[in-house]
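Shown next, in structure tokens, is the structure this report addresses.
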Amino acid sequence: MIRYSRAFFELQWQFAERVAAMSGVPCEQALLHYTNFYIRFGLGREFDTNHPVWRIYIDGLSNAAEPVEWSWRFFLTRPHVPPPLLVATFGCFSFSNAGNDAIRLHFANTESHDCSPLSSERIGARRAELRALFDHVERIRQTRRAIQRVLGTSWLYNLPAYRRLFPSGYIDTARELSSRFQSMSLWGQFLDRHGNVRPDMRALFLERLARQTGVHEIAQCFPLRALAVDAPIALFEGFYDVC
Ligand SMILES: CC(C)(COP(=O)(O)OP(=O)(O)OC[C@H]1O[C@@H](n2cnc3c(N)ncnc32)[C@H](O)[C@@H]1OP(=O)(O)O)[C@@H](O)C(=O)NCCC(=O)NCCS
């Protein structure tokens, strides 16, 4: 399981601080709406400013000498919470229910050795995981024919190293999503496989952030966009058998 670094929280903190300064919203609101903190603390997707655990975090901030340190330490005390409606996990991939007729794919690095999960050496392993995942979905479909579509939302769909794992018809449906500021589908681009922040991405982001004069175009600070894909499950039938 990836262990998110202090630097990952610091980067998001810097973003929220800048948003608060430019827009005039309280820092607490900027942290809620412009960072992945709420989800990382395992509080779900409601973004409820009155959630008791969120209140403990916010109250602690007012006494914290080092707010970033407090945020990261607070995260370390929190249990890992899987994505909502998660059904099953196969190595780096998992899927959840996404309404009656769809499943949603998720990706997280679960490799035990120091090799990128997206490297060419590991393509076979990733495809084997996806084959097992779709075999599992196929077994579910024998009783629940309603599952017809496969969805995904991630910055990862920008990367050739990720795109090559899927049928091209699925990748072809990719479209940009404008604001995913609370989600790993946007913030994940700053991480390497160890949970550290990538220096090149960080530098580019902070340079763009420093040049921003208003929140209107703030999404432009992110080097990569979150992309949403949505395709018929039929595209996956047999795809991993021949790879
Ligand atoms: C995906 C992840 C494991 C990649 O980290 P890594 O293995 O250390 O990355 P590497 O530098 O070894 O790169 C592997 C490949 O991905 C590309 N890549 C990885 N991160 C990149 C980034 N931020 N921007 C551009 N390319 C990137 C590399 O160019 C390389 O491709 P190549 O083999 O074609 O050259 C890491 O970013 C991660 O764990 N992120 C969080 C998980 C996540 O975002 N999940 C999605 C939630 S929706």
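Here, each number is a calculation from the coordinates, and none is a lab measurement. Keep in mind that what you see is a predicted model, and the values were worked out from it rather than measured. Here Cβ is always computed from backbone atoms with ideal geometry, including for glycine, and neighbour counts include all displayed protein chains.
Some notes on this structure:
- The number of residues in region 218-238 that are aliphatic (A, V, I, L, M), under 18 Å from the mean Cα position of the chain (by Cα) and buried (at least 19 other Cβ atoms within 10 Å of the Cβ) comes to 3.
- All positions within region 195-211 that are touching a residue at least 40 places away in the same chain (Cβ under 8 Å) and surrounded by 16 or more Cβ atoms within 10 Å (Cβ to Cβ): N196, V197, R202, F205, L209
- Number of residues in region 154-182 that are farther than 16 Å from S116 by Cα, near the ligand (Cβ under 7 Å from one of its atoms) and not in a helix (DSSP H, G or I) equals 1.
- Being within 19 Å of A210 (Cα to Cα) and surrounded by 13 or more Cβ atoms within 10 Å (Cβ to Cβ) is a condition met by no residue of region 77-92.
- Total residues in region 160-192, condition closer than 19 Å to E121 by Cβ and either surrounded by 14 or more Cβ atoms within 10 Å (Cβ to Cβ) or under 14 Å from the mean Cα position of the chain (by Cα) (or both): 7
- If you go through region 1-42 and keep only what is part of a loop (DSSP other than H, G, I, E, B), touching a residue at least 24 places away in the same chain (Cβ under 8 Å) and among the aliphatic types (A, V, I, L, M), you end up with M1, I2.
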